[in-house]
Amino acid sequence: MKYSVAFDLDGTLLDLHVDIESARSAITDMFRERGYNEPMRPILDAINRAAATVADNDEEIYPLIIKARRILDQAEVRATATATPRPGAVEAIKRLKKLGIPLGIVTNNSRACISPALAVLGFDPQGFAISTRDDVRRPKPAPDGLIRVATSIANTGENMWFLGDSPVDISAAVAANPQVAPELRAIAIPGPRSSLQQLRAAGPCVVFDNLLDAIDHIVQG
């Protein structure tokens, strides 16, 4: 049976060492100047809450969100300078590309960091259908990004695999499955920020220790 494959980015294909605390601090200062003092956690949701709280009118909310997100975007782009591929990532993508498998990336990272991040792996963004946090209203664990990518790479009647390293990834795949025909299957691969127990609890189809074993499972059917 034909199929397509999509990946999470950070923690699955590469390690992106974002200085999230410095970005969080700068975003906190930005909103504190307008009288907002709540914790900026989790950061994306917190940005939305802060902007909605401090805006003088509805038209001001979105520009405030964009301004805050740009601080985070810049931190992610800077992190690509020291990013490193996850074990087996380059080999896994090369193998799938050689087989002509349609590929996608679904990430909560920014669109701005995609090109330099994939350059670390030696690939061009044009070889993937990509959905970032900038492309959807709701990032993972919502299914929006996966559904968006599936419409580009999963042909009617074909299964799709999604490989991720966190419970957020697996939860997104579970939520998207009823809306992706005929089936979206999630593979969990433990990364630096999640435990095996947490991944299993999120409901993946299967868990593998590394990307290459996961790709073997997909290719061999």
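The values are calculated or read from the model by the stated rules, or taken from the named source; none is laboratory data. These numbers were taken from a predicted model, which means no experiment stands behind them. Quick reminder, even Gly has a Cβ in these numbers, built from the backbone with ideal geometry, and neighbours come from all protein chains shown.
The table below gives the values:
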| item | result |
| --- | --- |
| Of all residues making up the range 35-57, the number that are in a helix (DSSP H, G or I) and either within 17 Å of Lys140 (Cα to Cα) or out of contact with any helix residue (DSSP H, G or I) (no Cβ under 9 Å at 6 or more places or on another chain) (or both) | 7 |
| Residues of the range 182-199 that turn out to be in contact (Cβ under 8 Å) with a residue 12 or more places away in the chain and loosely packed, with under 14 Cβ neighbours inside 10 Å, as a count | 3 |
| Filtered residues of the range 114-133 (kept if under 20 Å from Phe162 (Cβ atoms), in contact (Cβ under 8 Å) with a residue 60 or more places away in the chain and over 11 Å from the mean Cα position of the chain (by Cα)) | Ala117, Leu121, Ala129 |
| Filter result (in a helix (DSSP H, G or I) and either in contact (Cβ under 8 Å) with a residue 40 or more places away in the chain or assigned by TED's automatic domain parsing to the domain that holds Ile43 (or both)) within the range 160-181 | Val168, Asp169, Ala172 |
| Residue among Ala51, Ala55 that alone is among the small types (Gly, Ala, Ser), farther than 25 Å from Ile114 by Cα and surrounded by fewer than 21 Cβ atoms within 10 Å (Cβ to Cβ) | Ala55 |
| First in the range 142-159 and over 15 Å from Arg185 (Cα atoms), second anywhere and of a type in the set (Gly, Ala, Ser) and surrounded by fewer than 16 Cβ atoms within 10 Å (Cβ to Cβ), Cβ under 7 Å, 6 or more apart | Thr156/Ala181 |
| Lone qualifier among Asp58, Asp73 - being free of Cβ contacts under 8 Å to residues at least 12 places away in the same chain and not assigned by TED's automatic domain parsing to the domain that holds Thr107 | Asp58 |
| Failed item, numbered, when Gly100 is tested on (1) free of Cβ contacts under 8 Å to residues at least 12 places away in the same chain; (2) touching a Lys or Arg at 6+ places or on another chain (Cβ under 6 Å) | (2) |
| Filtered residues of the range 108-134 (kept if touching an Asp or Glu at 6+ places or on another chain (Cβ under 6 Å) and not polar (S, T, N, Q)) | Arg111, Ala112, Cys113 |
| Filtered residue count, the range 58-90, keeping only those that are touching a Cys at 6+ places or on another chain (Cβ under 6 Å) and assigned to a loop (DSSP other than H, G, I, E, B) | 0 |
| Residue check for Ile93: hydrophobic (A, V, I, L, M, F, W, C), touching a Lys or Arg at 6+ places or on another chain (Cβ under 9 Å), modelled with pLDDT of 95 or more and assigned to a helix (DSSP H, G or I) | no |
